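Read the structure below first, then the notes.
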Amino acid sequence: MFAFYTATSVGLLWLEASAVGLLLGEYGAESLPWIYIAGAVLGSGLGFLYSWLQKIMSLRRTIVAIAVLIPTPLVLFRFGLENQAIFLYGVTVFILRLWVESIYILNDLNTAIAANQLFNIREIKRTYPIISSGILLADVVSGFSLPFLLSWFGLANVTIAAAIMFTVGAGLLYYLSERYKQAFPDGRSEFGEDEEARFINKRLQGQQRSYVVPLIAFFLLSPILYLLIDFQFLSALESQNLSGENIASFIGVFNGVLGICEVLLQWFAASRLIERFGVFASATFLPMGIGGVGMVIIGLAIFSLNSFSETKYAFLRASLP
């Protein structure tokens, strides 16, 4: 599972950096809000698609089918990026960025469902952090390898390299589903829909029910905060007037450096923070840290503007007769 998640994450990060470089070069950062809106709608549709596939196929076949579906359109996207027609090229760039958002959703669903089927509730507490840390290794590997891929194959051909990594991940998931068939039921869940709803409702009685609203609020506000930061970051990157290949290369190196910091934080700080302060207190460090850094950046920006205005005013006074 760790190898599967790492392989698909490497391909996804390669594809995302390339798609961002192509999108900013073609449409600019002004198109990003439309990407976010369309991605949200598409994500809801993919959730229904995943549920529908589980009704007509076994779970074992569903996760493999989704893993095979992920790289399939990338070959078509590669031909669309080669086309000289401006309209077709522009449409391909836009759809490619949307497909990256879709891959994130499908890959996370596949990983979570496969892991929960392979491990019981006691095992998953210890194994899932190991599995999810594949994204940290993928940040480092994909980030520092992307500039070399771009120099050797070009920006458009990175889609084929990403498709190869997705195919490797699909092969690993197929091996897991065949090797551990007993973990994946061939039929539907033993609970009916009404029974399952009543079972879940019983589990959420009492004190557990008080956690639901804060958790929903947290998972609602986190994407909003992420999108705001992502928009500001990519807007600042576009303002540097870099080519699409240079933007993708910079994002790759940035992700690599960020991945190293994340690995060090997980190895040396995360467990100690959780042991000392607890899960909920440790979870508040991230939004508080982002808020603190944001206030510092805003303060520095205001200070810089004031200093610039005072310098400009002093220069004008000195230049006047």
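The values are calculated or read from the model by the stated rules, or taken from the named source; none is laboratory data. These figures come from a predicted structure and were not determined experimentally. Ideal geometry is used to build each Cβ from the backbone, glycine not excepted, and the neighbour counts take in all protein chains shown. What goes into the accessible areas is simple: the full protein's heavy atoms, side chains included, and nothing from ligands, DNA or RNA. Shrake-Rupley method; radii C 1.70, N 1.55, O 1.52, S 1.80 Å.
Across the range 36-43, rounded Karplus estimates of 3J(HN,Hα) from the backbone phi angles (6.51 cos²θ - 1.76 cosθ + 1.60, θ = phi - 60°) give 5, 5, 5, x, 5, 5, 5, x Hz, Gly and Pro being marked x.
Can you pull the semi-axes for the range 40-156, root of five times each eigenvalue of the Cα gyration tensor, sorted largest first, whole Å?
Computed over the range 40-156, the values are 30, 21, 11 Å.
Modelled spin labels at Leu220 and Phe2, positioned 7 Å past Cα toward Cβ, are 3.8 nm from each other.
Shown in residue order for the range 21-29 are the 3J(HN,Hα) couplings computed by the Karplus curve 6.51 cos²θ - 1.76 cosθ + 1.60 at θ = phi - 60°: x, 5, 5, 5, x, 8, 10, x, 5 Hz (x for Gly and Pro). Normalising the Debye intensity of the range 102-175 to I(0), with uniform scatterers on Cα atoms only, and taking log10 at q = 0.11, 0.23, 0.28 Å⁻¹ returns -0.37, -1.17, -1.36. Relative to the 2.2 N^0.38 Å rule of thumb, the range 32-77 has a C-alpha radius of gyration ratio of 1.36.
Coupling constants for the range 92-98 follow from the phi torsions by the Karplus curve (6.51 cos²θ - 1.76 cosθ + 1.60, θ = phi - 60°), and in residue order they are 4, 4, 5, 5, 4, 5, 5 Hz; glycine and proline get x. Counting heavy atoms of the protein chains alone, Leu264 has an accessible area of about 90 Å² for a 1.4 Å probe. As a rough guide to protection, the peptides 232-243, 217-228, 164-175, 112-123 ranked by mean Cβ packing within 10 Å, highest first, stand as 164-175, 112-123, 232-243, 217-228.
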